[in-house]
Amino acid sequence: MAKSKKTTVILGEKEYFKGIPKIKFEGRKSKNPFSFKWYNEDQKVGGKTMKDHFRFAIAYWHTFCGDGGDPFGAPTKKFPWLTSSDPIQSAKDKMDAAFEFITKIGAPYYCFHDVDMVDEGATLAASASRLQTLTDYALQKQKASGVKLLWGTANLFSNPRYMNGAATNPDFEVVAYAGGQVKNAIDATIKLGGENYVFWGGREGYISLLNTNMKREIDNLAQFLHIAKDYARSQGFKGTFFIEPKPCEPSKHQYDYDSATVIAFLREYDLLNDFKLNLEFNHATLAGHTMAHEMQVAANAGLLGSLDANRGDYQNGWDTDQFPNDLYELTECMLVFLQAGGLKGGGINFDAKTRRNSTDLDDIFHAHIGGMDVFARALLIANDILKESDYKDLMKNRYASFTRGNGAKFTKGKLSLEDLSKIATKKGEPEMRSGKQEMFENIINQYI
Ligand code: XUL
Ligand code: CO
């Protein structure tokens, strides 16, 4: 049967994921592994469809470029779209595969680094020209499929030129090169209608303080972000810039350690109007935090921008980027998510990779189906907890003493330290009040 023109543009000449249809919602009783059990994009939860709550995105780098190689062994994944020796042809084949997958899984968005879309050229100008060719192609694919770009970014960590940092490099020439690369990536993001732009500073940090002027490097990072933002705004970019915190790996100390550190940096350098946070689960784990903590810290400052979904390994502490599957952990996160009113401009990007020994193409489907389903299920549970349980009242009651009498006066700034001393002297030893942690924990289990 001849393909319609529209289908051909989305799928390319070749179908890579043969025999796999568009993934549909079939409910929890379905035994079809190629179906959603919980993610029903049109289902409303608290007045909003699941599709609009999550704005799921597919990460170009892991899903279409990650070949399973690790420091101990050669690649294991023989992707049929990475066979041509011509870099432009290979990039186009990869894009055909990408849009076929994104369309079949039903994610509304994707995210990319410049070098995921097409390999760098020999010069900055050659790289820009390659990116132009591929963004022309991506524009056609986006138009035909309706898939959109959640965010773009520049990879400022893989090329050896960035071994001492990109925006924080001690050598201005490297900083300038990074600037040129970010300019190209911003141009590409704007051209593709990207809704946001991300900075993750893998090499923006140091290994030894002995050879590092930390103050100068952080000042330079802020300067770099200011001029990148000014450029994007001058080109009409209306979206949000996100900083993605991570405490370490590949640098020993990374400047964007965690939510609290990044918020302090944005405040100190006057970047709060344009920047928010893109938080990643595995990075929270590496920083010694729960993801719910990281999300709450960002939400408190109105900066909960976007999420990179994945899971680390609690036994060995590596950045394993596994697909999320922990329902209890995600329910705690969805409680923060719903109470914060969702994400500010971003979505949920699967910054996750199938395992080195998951070598079938259909494993990419199972991984994303599982990830989307566990988020959907956690959202439903968190919504039930907030709507039906006593959770919110229990939380409110813990702080009830600040809503009346002297507690309310304190909150409004109407009591001095001497006043507190007088009140305490008069009242005597306060009553012991239980935190009821186990009771709170049981509510999650009850609604799962
Ligand atoms: C690395 C990481 C990056 C960023 C984008 O740990 O998460 O892929 O998400 O550069
Ligand atoms: Co990430």
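The values are calculated or read from the model by the stated rules, or taken from the named source; none is laboratory data. These numbers were taken from a predicted model, which means no experiment stands behind them. Using ideal geometry, Cβ is built from the backbone for each residue, glycine included, and neighbour counts are taken over all protein chains shown.
With respect to (1) surrounded by 10 or more Cβ atoms within 10 Å (Cβ to Cβ); (2) of a type in the set (S, T, N, Q); (3) farther than 30 Å from H53 by Cβ, the lone exception for N383 is condition (3).
Being within 16 Å of ligand 2 (Cβ to nearest atom), surrounded by fewer than 22 Cβ atoms within 10 Å (Cβ to Cβ) and either at pLDDT below 95 or in the same structural domain as S234 (by TED's automatic domain parsing) (or both) narrows it down to one residue among N159, N211, N155; which is it?
Details: N159 fails: within 16 Å of ligand 2 (Cβ to nearest atom); N211 fails: within 16 Å of ligand 2 (Cβ to nearest atom).
Unique residue meeting the criteria: N155.
Would segment 435-444 turn up any residue that is touching a Ser or Thr at 6+ places or on another chain (Cβ under 6 Å), within 30 Å of T63 (Cβ to Cβ) and surrounded by 14 or more Cβ atoms within 10 Å (Cβ to Cβ)? No: zero hits.
So for segment 214-237 (the condition being within 13 Å of ligand 1 (Cβ to nearest atom) and closer than 24 Å to P108 by Cα), does at least one residue qualify? Even if it seems obvious, please write down each step before you answer.
Step one: filter segment 214-237 for residues within 13 Å of ligand 1 (Cβ to nearest atom), giving none.
No, every residue in segment 214-237 fails to be within 13 Å of ligand 1 (Cβ to nearest atom) and closer than 24 Å to P108 by Cα.
For D362, indicate whether it is of a type in the set (D, E), at pLDDT 95 or above and out of contact with any helix residue (DSSP H, G or I) (no Cβ under 7 Å at 6 or more places or on another chain).
Criteria met by D362.
Picking from residues in segment 190-204 that are more than 25 Å from N169 (Cβ to Cβ) and assigned to a loop (DSSP other than H, G, I, E, B), the one that is farthest from ligand 1 (Cβ to nearest atom) is G193. Of all residues in segment 339-351, none are in contact with a Pro (Cβ under 7 Å, 6 or more places away or on another chain) and either within 16 Å of ligand 2 (Cβ to nearest atom) or under 25 Å from Y197 (Cα atoms) (or both).
Only residues that are more than 16 Å from ligand 1 (Cβ to nearest atom) and at pLDDT below 95 were counted across segment 289-315, and they come to 2.
Do we find that G146 is away from ligand 2 (no atom under 16 Å from the Cβ), touching an Asp or Glu at 6+ places or on another chain (Cβ under 6 Å) and in the same structural domain as L210 (by TED's automatic domain parsing) in this structure? Let's see the steps before the verdict.
Values: away from ligand 2 (no atom under 16 Å from the Cβ): yes; touching an Asp or Glu at 6+ places or on another chain (Cβ under 6 Å): no; in the same structural domain as L210 (by TED's automatic domain parsing): yes.
No: the conditions fail for G146.
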